[in-house]
Amino acid sequence: MVPGMQQVVLNTVQYALFYLVFSIPLTLSYRTTKVMNFAHANFITYGAYTAIFLHGVLGLNTMSIAAVAAFLVAGSMAVLSNLLVFAPLQRRGSSLSIVMIASMGLWIVYKYLLYIVTDIAHHYTAKNFVSYGRITYVDIPRIVVGGAELSQALVAGLAVASITIASLYVILEKTKIGRAMRAVADNPVLAEVSGIPRALVANLTWFICGGIVGVGGVVWTSFSGATTPEAGDSMILQVFTVGFIGGLVSLLRTGIGAVLIATIENMGIALLNTYLNVPVSFKPFLTFTTLIATLILFPPLGAGGGLPYRFLRRGSRR
Amino acid sequence: MAYSTRAVALAVVALMVGLAAGYGLAAATTGGRATATVTVGGSVATVTVPVTSTAAPAKKVFSIGFTLPLSGELSSIGKIWEKVAQLAIEDLNREVQAYGFNVEFRAVILDDGTSDEKALQNVQSFAQQGIKVVIGPAASSQVKVVKSYADSNKIVIISPSSTAPTLAIPNDFIFRTVGSDAGQARVLATLAYQEGARKVVVFHRNDEYGKAFADFFERYFKEVGGTAIKVPYQTGLPDYASEVAALASKVQSEGADAVVLIAFDTDGANILSHAAETPALSSVRWFISEGPHGAEELLSQAVGQFASKVRLLGTRPLFIANPLYEDLKSRVAQKFNVELSVFCENLYDAVKLAGWAILRAGTYDGEAIRAALVEVAKTYYGPSGWAMFDSAGDKAQQDYGIWAIVPGGPKGYQFKDVGLYERGTVIFLERPYQ
């Protein structure tokens, strides 16, 4: 037994929840719109910063309000990105890689835009927004398990992940619009021919995906000891790894990927460190070995099978 | 088609704006501000608009480059430094004008994101602009990266905060207005031992600064009779929860009685706030390097309470009870409404030294300025104390203070200097955490 295993387990759960909330929307948006979106990182950061500005400028420390605001901010951002950049490029017949490169451009634009906003906020409040300490929220219930109180981030993470999964299930499986989203994912041309408003479905998907990630960003502010305008950037590679494990198609396998990567990054490194004295700084090495192994073992796009149509259809039902 | 062409054009424009904003923002805003303030009081009375100084008899303008960590892992203190740099340039201009020099110093401030590559890019772009004196970069790993370029292009680099002993190299173009960590590691080792720690885990950044500090700490802690176990962590992560969990395992399995943290500000605050939630780490003492001092994130309730629980004590280069330091502190508080962080005084002195060295050199040439800098520093005394350089171009006379995080101030907690290092022992001026 590794000493301090309890904390390691808690961290694993916490990270699994984060990766789940960040990567399921990535998979959902990719399979519906075919945009490999690097600005996904900004949705995380902007969500977090919505909470940070509400806290730092207005003194608000209610997570539920911050979460609603962050959903709107990050969701609108995603829709705007689609309207102004992705959709026009796709209409012109740009390849997947061109759209992907444009999303990288957007990533940089959004990042520096946030730096500008933090500078302005800093000017007026004299508070440091470029690195913001953990926020303690007032509306998160205290939950005690086995004598130990769960952290706010864990409680909030569990709540947000369950709500996300439940509502996505209901939307995708039980509603007309969800069926339309799945139809567009399966075969966009056929969907359009059969009367599904493809552009509307795409925008709605972007709004939901951006919004969920933004709410995840709010939870991040109750977890991280210091959030920076690059918080999402340094997580995006892990989030993509999780997405690739799901082949960017299967939501179920994306979920499994989230648990797998969180376990490797937390349990794996703790065990290796304790028994084999592997330095903790090797953590990213493990993550990316897993990524490469997944891609090599299951081409073309990881364990979900990726793009071929038959996989798409099978995957999307999961 | 026309619509989509327009949209693409729009996307491209957005991209360009983003890039331009990214690279140019810091320089543009700060440079402009500095210019506007420093030209006030030009020697000719008809000059009413400060920026358009066409009527003035050719005032000589010298640019001083700044590569500062306005984003990234040192951003919390970098933001404060930016203000101190502006103040120092204003003071310098007022001073040289009082001496009758018809010159003006201008700050060109660039953000290096606490990244090694960007620091080098900044120094290279300074070189292209013909700038021969650069203040910064902040981190030792950055200084190491810019060193060979600076040496071969004869650009004088004055870092106010790089402390890695490995960079104490004679006859190069690198100067540091702060003593090397060989000194601070001894103080931290003395402090930890004096406070009763015998077996410590040194949790350190896996970079130039962290590794060198940890090595020197281990050496001195062994000398005084303790045992140090080094645990490096990867830098630049979004969060350090799993690193802290691994640290907790190490502390328990080794039966250590203290943790020594060698960190910057963002990572330091992150690590401390996770440690606060880990019982195994709340029952040992914590000692900390100068890196996170002054960072606002450390004044959160979680970290503040943790600090009193583990009686957290840190060391930092400081000349205690220096009236010039107190004066700078109150002026910065008054003008910008911020508290001085670690190395602000060293940055202030670096700017003053650079200005006077340029004037003493008589010519804007790297080699001449380097020689003049050594001479100017011999007789310069500022907020960081006596600035004289040793043979390696580091501050020769460096004192160290002990700091703590105590309740009080507008944020609920505040940094406080509580002691100093004197002839091999740590003397407390007051006892925090009682």
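The values are calculated or read from the model by the stated rules, or taken from the named source; none is laboratory data. As the structure is a prediction and not an experimental result, all values here were calculated from the model. Quick reminder, even Gly has a Cβ in these numbers, built from the backbone with ideal geometry, and neighbours come from all protein chains shown. The protein model used for the area step is the full one, side chains on, heavy atoms only, and it has no ligands, DNA or RNA in it. Shrake-Rupley method; radii C 1.70, N 1.55, O 1.52, S 1.80 Å.
Observations
- Scanning the range A:128-182 for residues that are among the charged types (D, E, K, R), more than 30 Å from B:A276 (Cβ to Cβ) and free of Cβ contacts under 8 Å to residues at least 24 places away in the same chain turns up A:E173, A:K174, A:K176, A:R179.
- Cross-chain or 6+ apart pairs with Cβ under 8 Å, the range B:387-411 first and within 16 Å of B:E297 (Cβ to Cβ), then open to solvent by 10 Å² or more (accessible area, probe 1.4 Å) and assigned to a strand (DSSP E or B): B:W403/B:F415; B:W403/B:K416; B:W403/B:D417; B:I405/B:Y413; B:I405/B:Q414; B:I405/B:F415; B:I405/B:K416
- Residues in the range A:120-152 that are more than 8 Å from every other protein chain (Cβ to nearest Cβ) and either touching a strand residue (DSSP E or B) at 6+ places or on another chain (Cβ under 8 Å) or within 25 Å of A:I212 (Cβ to Cβ) (or both): 11 in all.
- Condition check for B:V224: in contact with a helix residue (DSSP H, G or I) (Cβ under 9 Å, 6 or more places away or on another chain), more than 24 Å from B:S384 (Cβ to Cβ) and more than 10 Å from chain A (Cβ to nearest Cβ): yes
- Residues of the range A:75-96 satisfying the condition of being more than 8 Å from chain B (Cβ to nearest Cβ) and of a type in the set (K, R): none
- Search result, residues across the range A:31-57 that are surrounded by fewer than 24 Cβ atoms within 10 Å (Cβ to Cβ), more than 14 Å from chain B (Cβ to nearest Cβ) and assigned to a helix (DSSP H, G or I): A:F53, A:L54, A:V57
- Count of residues meeting criterion [open to solvent by 20 Å² or more (accessible area, probe 1.4 Å) and of a type in the set (S, T, Y)] in the range A:236-272: 1
- Inclusion of B:V303 among residues that are open to solvent by less than 30 Å² (accessible area, probe 1.4 Å), more than 10 Å from chain A (Cβ to nearest Cβ) and either within 22 Å of B:P317 (Cβ to Cβ) or assigned to a helix (DSSP H, G or I) (or both) is not warranted.
- Just one residue in the set A:V117, A:V99, A:V170, A:V155 is within 14 Å of another protein chain (Cβ to nearest Cβ) and open to solvent by 20 Å² or more (accessible area, probe 1.4 Å); that residue is A:V117.
- Test for B:F287: is it modelled with pLDDT of 95 or more and either part of a strand (DSSP E or B) or open to solvent by 10 Å² or more (accessible area, probe 1.4 Å) (or both): yes
- Verdict on A:L237 being modelled with pLDDT under 90 and not in a helix (DSSP H, G or I): no
- So B:A168, is it within 22 Å of B:S180 (Cβ to Cβ), in contact with a strand residue (DSSP E or B) (Cβ under 8 Å, 6 or more places away or on another chain) and open to solvent by 10 Å² or more (accessible area, probe 1.4 Å): yes
- Any chance A:V21 is within 11 Å of another protein chain (Cβ to nearest Cβ) and assigned to a helix (DSSP H, G or I): no
- Some residue of the range B:206-216 being touching a residue at least 12 places away in the same chain (Cβ under 8 Å), in contact with a helix residue (DSSP H, G or I) (Cβ under 8 Å, 6 or more places away or on another chain) and basic (K, R): no
- Members of the range B:248-260 that are open to solvent by less than 10 Å² (accessible area, probe 1.4 Å) and either within 7 Å of chain A (Cβ to nearest Cβ) or under 17 Å from A:S224 (Cβ atoms) (or both): B:A248, B:S249
- With respect to (1) in contact with an Asp or Glu (Cβ under 9 Å, 6 or more places away or on another chain); (2) closer than 19 Å to B:G362 by Cα; (3) hydrophobic (A, V, I, L, M, F, W, C), the lone exception for B:V103 is condition (1).
- Number of residues in the range A:102-114 that are more than 8 Å from chain B (Cβ to nearest Cβ), open to solvent by 20 Å² or more (accessible area, probe 1.4 Å) and closer than 16 Å to A:T228 by Cα: the value is 1.
- In the range A:202-235, residue farthest from A:P284 (Cα to Cα) [restricted to those that are open to solvent by 10 Å² or more (accessible area, probe 1.4 Å), more than 14 Å from chain B (Cβ to nearest Cβ) and of a type in the set (V, I, T)]: A:I208
- In the set (1) more than 8 Å from every other protein chain (Cβ to nearest Cβ); (2) within 25 Å of the chain's Cα centre (by Cα); (3) assigned to a strand (DSSP E or B), B:I229 fails one condition alone, (2).
- Pick from the range A:120-152, criterion open to solvent by less than 50 Å² (accessible area, probe 1.4 Å) and β-branched (V, I, T), ranking: nearest to B:G268 (Cα to Cα): A:V130
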